[in-house]
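Asks: Quick one: this structure, given as structure tokens, is what I'll be asking you about.
Values quoted throughout were computed directly from the atomic coordinates according to the rules given, and no laboratory measurement underlies them. This structure is a prediction, so every number in the text was calculated from the model and none was measured. Cβ sites come from the backbone with ideal geometry, for glycine too, and all protein chains shown count toward neighbours.
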């Protein structure tokens, strides 16, 4: 066999700061958006992505050369980067958008990520990101990025195995009614599903270390991209309130109520 | 079900002791008769009377949930449950029972751990569950006035939109009632922050054992006008009267919460850590919970919460869970971070390492380890549980001495006592000493009692920090209260309840 130079992996993990999933969402009176003056944290699927990158390094040791996290968001998105750095990423990039700017859309983000990847001197072999952000639930960024870069993509991953020497990855995807296993060529975009892993707690020594890790600040102009939204939000409304149920005394009463509601038995 | 089955064995061991004293308190008391029901029917609707006696003649299964505690450890044989809707109805019931010498067991959510809320024999059960109205809430002062039968969770839900919380939180919040909480002086998870109910209860409405309504339902923060009678009913476990209404000071809801789990190389560091944490976090410190390594490992073994990474627990002898709650997230995090930084960077660090929850899921997960200890211990074996108050620096000593004592008795091995563990609320000086055995045996029981009680007494501690006395620990009251105290407690009992009808056989030996 011909000896080949050891190929080292550079991993990029895009993360998004979102309203925390435990927060009860309140629609603003103007019905154009939701109350954002609440607790935010890293999009849970992105947290899984960071965890997976760190686990890949734990498995592959030195074969993972770098884990870089990137976020595109307001000033406070830097906190999200610090969390990712405390989990084990090496460095961060913060593409800062003004606090007053409207939230960017998936296509803008995908283009920004492409620009970030193109300016990486050593290149990027693997992008791992959440399958969707829990605020807009768009589930488009990973797919669009793979399309723009003309890379392979493996979405909704529940298991990722990377072979850096062969430059391939085996990814198990969660699909309707089962699992699908793909073999992909690097470079690759992977989007994470819930069952991929369980993110670790950030340990104190790592939090201390994270404070000293570098974060590069960029603006959309530096990347020569425009994040102006293409869509206009017409209206945001709360789901209808659930009406309370009632108790019935007997089977007969239940059947009567079902009939009343227009539910009829199916003849077998 | 597993839980109740294990505990169901305990009465077999404990029963003889309970029966030795209970008949004395119940000696002069009469059973409920059909004539009594006729009287009650004059002022109570049929839906407020559940009785196996005629005319209502309900099947005894309908009384099961009232006659047995939730652990199925204590069993009463009452024939009658009354569910009054108003204080006046309570008063009429009590007046009648006093005249007829019928024993009464006031009952709230029946979630106690010491058998205080179920009859010993066939006393009448007076359930407060039909009294569940919120009477008033003032969102400026934060004073909430509610019927005794309000479920704790419903009060919490009621206060949430007003940005307030009940200054009390328990695992049983979905069933326990505020009247029962007050009557048992329930402690729980928020005690460190908001203090005990002796401070946050501002007023009470109580039906005295002769039927008199004592209205002390004030909504005043300050009221120095003579004896503070309401304090007597807080923690009296229904032996002096029936609490029917509560005025309580609700606290502003915290806007942000954080928690961290710290791994300590040795127990001796817990107290200096507590001092330093208190100093730096001051008003945002809301919990400081201790657990030893053995019980942590049991929690992990039985899948409670999400375990720390192996490198984070290496060399740790015990753990501390610190929680903060405050008004502004940035402020709280800054304080917490500078505390953690100073802890990590000290020349001789008090902690090995620690983890911080970065999301609500992790926040709950860290709490789940602490809150799952009880369950983990139950899964591991048969647990002898002691809920004691001892000086903070004696926590480890109590655990070690108990362990040594069992070792000397030759009981510390796989087939007898498997583990002796300690965990608890450091902030409140409350240690949960758990002895995990392969089976409940008379030998282990004899080795533990009165040994543990005497040990606690030697530190001037309390044999029941937050669970109360109920029917379970009356025999052990003497280890925490001297003769003079018990004598005066008896005098107070005789003064309020000369006929001994109120929750007979509970609290006093």
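Asks: By count of other Cβ within 10 Å, fewest leading, how are B:31, B:54 ordered?
Replies: By the 10 Å Cβ count, ascending, the order reads B:54, B:31.
Asks: Calculate how large, on average over all directions, the projected area of the Cα convex hull of segment B:21-97 is; give the answer in nm² to one decimal. Show your work: numbers first, answer last.
Replies: On the way: hull surface 23.9 nm².
So the mean shadow area of the Cα hull is 6.0 nm².
Asks: Divide by every residue of chain B the summed helix terms, -39500 (n - 2.57) for each DSSP H run of at least 4, and state the resulting mean residue ellipticity at 222 nm, rounded to the nearest 500 deg cm²/dmol.
Replies: -10000 deg cm²/dmol
Asks: Further, regarding this structure: Please give the length that would be gained between residue B:223 and residue B:491 if that part of the chain were fully extended, namely 0.36 nm times their separation in residues minus their C-alpha to C-alpha distance (nm, one decimal).
Replies: That works out to 93.9 nm of additional length.
Asks: Output the 0 to 90 degree angle, nearest 10, between the alpha-carbon long axis of helix B:270-281 and the longest principal axis computed from the alpha carbons of chain B.
Replies: 90
Asks: Once a ≥ b ≥ c are taken as the square roots of the eigenvalues of the Cα gyration tensor of segment A:46-86, is the result rounded (a/c under 1.5), prolate (a/b larger than b/c) or oblate (a/b not larger than b/c)?
Replies: prolate
Asks: Among A:208, B:502, A:144, rank each residue by its count of other Cβ atoms within 10 Å, from fewest to most, as a rough exposure measure.
Replies: Exposure proxy ranking, most exposed first: A:208, A:144, B:502.
Asks: Could I ask something else about it? Residue B:57 to residue A:247: FRET efficiency via 1/(1 + (r/R0)^6), r the Cβ-Cβ distance, R0 25 Å, to the nearest 0.05?
Replies: Values: r = 24 Å, r/R0 = 0.96.
Efficiency, from the Cβ-Cβ distance: 0.55.
Asks: Here's a follow-up. When N is the residue count of segment B:256-373, what does its C-alpha Rg come to as a fraction of 2.2 N^0.38 Å?
Replies: Numbers: Rg = 13.4 Å, N = 118, 2.2 N^0.38 = 13.5 Å.
Normalised by 2.2 N^0.38 Å, the Cα Rg of segment B:256-373 equals 0.99.
Asks: Right, another one. Report the FRET efficiency, 1/(1 + (r/R0)^6), for residue B:454 and residue B:24, where r is their Cβ-Cβ distance and R0 is 25 Å, rounded to 0.05.
Replies: Efficiency, rounded to the nearest 0.05: 0.55.
Asks: Please state, rounded to one decimal and in Å, the Kirkwood hydrodynamic radius that segment A:9-236 gives when every pair of distinct Cα atoms enters the mean of 1/r. Before the final figure, lay out each step's value.
Replies: Details: mean 1/r = 0.0559 Å⁻¹.
This gives a value of 17.9 Å.
Asks: Using alpha carbons only, how many angstrom separate the centre of segment A:21-52 from the centre of segment B:160-227?
Replies: Answer, in whole Å: 37.
Asks: Using just the helices of chain A, give the 222 nm mean residue ellipticity in deg cm²/dmol: DSSP H runs with n ≥ 4 each add -39,500 (n - 2.57), and the total is spread over all residues, rounded to 500.
Replies: Dividing the helical sum by the residues of chain A leaves -8000 deg cm²/dmol.
Asks: OK, next. Give the percent of DSSP beta bridges with both residues in the protein assembly as shown that are antiparallel, rounded to the nearest 5. Intermediate values should be presented prior to the final figure.
Replies: Details: 86 of 121 bridges.
The antiparallel proportion sits near 70 percent.
Asks: Another question about this same structure. Answer rounded, prolate or oblate for segment B:200-269, using the Cα gyration tensor with square roots of eigenvalues a ≥ b ≥ c: rounded when a/c is under 1.5, else prolate when a/b is larger than b/c, else oblate.
Replies: Since a/c reaches 1.5 and a/b is larger than b/c, the shape of segment B:200-269 is classed as prolate.
Asks: Pick from A:244, A:92, A:142: which residue has the top mean-square fluctuation in a GNM of chain A where Cα pairs under 10 Å get a spring?
Replies: A:244
Asks: Now for a different question. Mind jotting down a quarter of the surface of the convex hull over the alpha carbons of segment B:134-252, in square nanometres, one decimal?
Replies: Result: a mean projected hull area of 6.9 nm².
Asks: Here's another thing I want to ask about it. For labels at residue B:215 and residue B:65 in the simple 7 Å Cα→Cβ model, what's the distance in nm?
Replies: In this crude spin-label approximation the distance works out to 3.3 nm.
Asks: Fully extended, how many nm does the chain gain between residue A:257 and residue A:168 (0.36 nm per residue separation, minus their Cα-Cα distance)? Don't skip to the end; give the middle numbers.
Replies: Numbers: separation 89, 0.36 × 89 = 32.04 nm, distance 5.92 nm.
Result for the pair: 26.1 nm of gain on full extension.
Asks: If you count, for every residue in B:348-356, the Cβ atoms of partner chains within 10 Å of its Cβ, what is the mean?
Replies: 3
Asks: Among A:71, A:191, A:228, determine the one that fluctuates most according to a GNM of chain A built with springs between C-alpha atoms less than 10 Å apart.
Replies: A:228
Asks: Quick check on segment A:9-236: of the DSSP beta bridges with both residues there, what percent are antiparallel, nearest 5%? If you can, show how the numbers build up before the last one.
Replies: Details: 18 of 45 bridges.
Expressed as a percentage, antiparallel bridges in segment A:9-236 total about 40.
Asks: Oh, and also: Can you put B:49, A:263, B:104 in order of Cβ neighbours within 10 angstrom, beginning with the fewest?
Replies: Lowest to highest Cβ neighbour count: A:263, B:49, B:104.
Asks: So, one more: For segment B:427-502, take N as its residue count and report Rg(C-alpha) divided by 2.2 N^0.38 Å.
Replies: On the way: Rg = 15.1 Å, N = 76, 2.2 N^0.38 = 11.4 Å.
Output field value: 1.33.
Asks: Hey, any idea what Rg/Rh is for segment B:381-467, computing Rh the Kirkwood way over Cα pairs?
Replies: Radius of gyration relative to Kirkwood radius: 0.95.
Asks: Eigenvalues of the Cα gyration tensor times 5, then square-rooted: what semi-axes does that give for segment B:179-305, in whole angstrom, largest first?
Replies: Output for segment B:179-305: semi-axes of 38, 19, 13 Å.
Asks: Would you please report the Å³ per residue occupied by the convex hull of the alpha carbon atoms in segment B:96-181?
Replies: Hull volume normalised by residue count: 104 Å³.
Asks: Something else about it: Ignore the peptide's own chain and count Cβ atoms of other chains within 10 Å of each Cβ in A:81-91; give me the average, rounded.
Replies: For peptide A:81-91, the averaged partner shielding equals 1.
Asks: When all alpha-carbon pairs of the protein assembly as shown are counted, what percent fall beyond 53 Å?
Replies: On the way: 74563 of 301476 pairs.
Tail of P(r) above 53 Å: 25 percent of Cα pairs.
Asks: I'd like to know how segment A:139-192 sits against the 2.2 N^0.38 Å rule of thumb: what's its Cα Rg over that expected value?
Replies: Working: Rg = 10.9 Å, N = 54, 2.2 N^0.38 = 10.0 Å.
After normalising by residue count via 2.2 N^0.38 Å, the value is 1.09.
Asks: Kirkwood hydrodynamic radius, computed over distinct alpha-carbon pairs, for segment B:36-140: how many Å, to one decimal?
Replies: 14.4
Asks: Another question, if that's okay. Of the candidates A:180, A:96, A:105, which one comes out as most mobile in a Gaussian network treatment of chain A with C-alpha springs shorter than 10 Å?
Replies: Maximum among the listed residues: A:180.
Asks: Let me see the P(r) profile for chain B: every Cα-Cα distance counted, bins of 20 Å, each bin given as a percent of all pairs.
Replies: With 20 Å bins starting at 0, P(r) equals 22, 53, 23, 1.
Asks: Also: Other chains near A:205-218: what is the mean number of their Cβ atoms within 10 Å of each residue's Cβ?
Replies: 2
Asks: At a Förster radius of 25 Å, what calculated FRET efficiency corresponds to the Cβ-Cβ distance of residue A:38 and residue A:195, to the nearest 0.05?
Replies: 0.35
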